Amino acid sequence: MLSKLSSVTSTQLRSVGSFNRSAGGAGVSQTLLYGRNGLRSLFSSDAGSSGKNLLTHEDGVHQTMKISKSWRNKPLFRRQGDVRFKTGMEASNLLIRESLRRDSHEQDYIDSVTSVMQCLSPIFDRNPKYAFVAKTLIEPERFIQFRVAWIDDVGVNRLNRGFRVQYSSALGPYAGSLHLGPHVTHNIVHANAFDTVFSNAVTGHSLGAAVGGSDFNPLDKSEAELQRFCQSYATELAKYIGPDQDIPFVGFGCGREEMGYIYGQYKRIKPIGNFMAHYDIDLTPGFAVVHFANRMLEDRGDSLKGKRVMLIGAGQRARAVAEKLLHYGAIPITMTDPSGHVYEPNGITEGKLATINQIKSDRGALLGRYIISSTSAEFNHPENLFHIPCDICIPCGAMNDIGEEEVNALGDNGCKFVIEGGQSCVTPSARKLLKKRGMMYGPHTMTMTGPAISHVLGKNATDDDLKAEVDRIYTEVKSTAAEFNARGDLYAGANIAGFLRVANNMMLQGAV
């Protein structure tokens, strides 16, 4: 590889469209282009010392690359006549339209593509070649769907649908979460896999993107049924996963127990590698969310100490978030599940959190049981959870939990930050409203990097190691947003940084 790199000319590097840190520290840091150990993987930094931006090859962020004209004259699509674009936004709209043509029935996927492509339009303005890479990226490399047959405790043959979307391997082996629940559909895994491309890439590590799962509900099943299902699911999944092929992470409805059963069956079939050998898989996703939240507040001269935090959800991730919030001196005041919401006016203490953990350790147990053990808790009061005054809201539940109505209610009751602790918890329209109302938004593309980070750090990593990675990623995302005239827009910064890292590799790998 090094011999190949030495033969790459500066002109070829410019055509790849790689970019570096501009003068004064603006732009994406060099770890975006280099590996974790600082080695040059695919790009040269010879022009970095000149203070010019390698993406534009010219001074200033408003310039266009010299190769732009030739690429702008090429048709982006040729299905029914040549279709060209003049501006980055036109390119984004063409790509969105193509996604609608292919998958108009998958609204969550269309929403994800629309939001991301709108963020990427400044890149297409500077170097139109990236629009042609994005055209490839809106189609996953592989979509696997299969039948999962298992026997319940009564002896009845049961069927579920299993998925694994191996979306991109441009940076390394596929990697991403498994989700279990009746909400899991083709649409959900497609959308989540697309988003995972950018969240894994923004970590700066050599991980591709994949998401999978099943429409199996683990909450109303016995232990034996859960094990039989996981073993059946893993029997088929084992054909497509492995340490150098595809690495599953924990996800919604799939925690340590479910992953343990899946891995146990996997190693009976393919006794190679261990995708459960990394730092605490239950706590890391939640801890990373809180580290990002604290970093956002520190960036504004504030801290989590004393902040009242509304938590949405009561699963393992939400409880890990509550644990780390208490460590920072914040005050978690709510938790929710299908039975309703619990509100502790004086905050959920460590003792109260231990009680909630004990309740939720029983499969399918509901949060309503908690009020028996607490004299101060209010259950489903006030009726609208979002009328409770808070400083920060961290949704850790399902997709699209926070819409425009919820944003308005939160803003009217003093909330200043909405930080996603789950995948796409905030709708696209609510995201725009947050910006309009001046409320800070921590996007899932950045905050949901915990599992990827923990996998790379390994089982001996500490919470300090996780925090250091969070600080590095936050700095890169923030500087990328500023570089592309979206100062303070962490959603745009994370998507741009992730896309450029993936796109630069895709260019070198050709039409694959």
³J(HN,Hα) computed for each position of segment 366-382 - Karplus, 6.51 cos²θ - 1.76 cosθ + 1.60, integer Hz, glycine/proline x
9, 5, x, 5, 5, 5, 5, 9, 10, 7, 9, 6, 10, 10, 6, 9, x
Please work out the average accessible area per residue across the chain, using the 1.4 Å probe convention, and give it in Å².
40
One finds, for A224 and R472 with R0 = 35 angstrom and r their Cβ-Cβ distance, a FRET efficiency to the nearest 0.05 of 0.20
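Counting helices only, and only those DSSP H runs with n ≥ 4, report the 222 nm mean residue ellipticity of the chain as the sum of -39,500 (n - 2.57) divided by its residues, in deg cm²/dmol to the nearest 500. Intermediate results must be reported in sequence, preceding the final value.
On the way: 18 runs with 216 residues, N = 512.
Result for the chain, helices only: -13000 deg cm²/dmol.
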Please compute the net charge surrounding G313, taking Lys and Arg as +1 and Asp and Glu as -1 over other residues with Cβ under 13 Å from its Cβ.
0
Whole-Å distance linking the alpha carbon centroid of segment 78-120 with that of segment 187-210 is 19
With the alpha-carbon atoms as the only input, what is the per residue convex hull volume for the chain in Å³?
149
Heavy atoms only, probe 1.4 Å: what % of the accessible area of the chain goes to carbon and sulfur, would you let me know?
50
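Dividing the convex hull volume of the alpha carbon atoms of segment 210-325 by its residue count, what do you get in Å³ per residue? Write down the numbers at each step before the final one.
Values: hull volume 14.6 nm³, N = 116.
Convex hull volume per residue, Cα atoms: 126 Å³.
Quick check on the chain: of the DSSP beta bridges with both residues there, what percent are antiparallel, nearest 5%? Walk me through the numbers before you get to the answer.
Working: 26 of 47 bridges.
Expressed as a percentage, antiparallel bridges in the chain total about 55.
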Computed over the chain: longest principal axis from alpha-carbon atoms vs helix 88-103 long axis, angle to nearest 10 degrees, is 50
For the chain: relative contact order, % (alpha-carbon pairs under 8 angstrom, 6 or more apart)
15
So which lysines pass the test for K416, namely a Cα distance under 20 Å, with those fewer than 8 places away in the same chain ruled out?
K305, K307, K324, K432, K435, K436, K478
So if I restrict to the alpha-carbon atoms in segment 380-422, what is the Rg, and what is Dmax, the biggest pairwise distance, in Å?
9.9, 24
By per-residue mean of other Cβ atoms within 10 Å, what is the highest-first order of 83-92, 189-198?
189-198, 83-92
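The values are calculated or read from the model by the stated rules, or taken from the named source; none is laboratory data. As the structure is a computational prediction, the values presented were derived from the model and not from experiment. We place every Cβ from the backbone using ideal geometry, glycine too, and count neighbours over all the protein chains shown. For the accessible areas, the whole protein counts, side chains as well, though only heavy atoms, and no ligand, DNA or RNA atoms are used. Shrake-Rupley method; radii C 1.70, N 1.55, O 1.52, S 1.80 Å.
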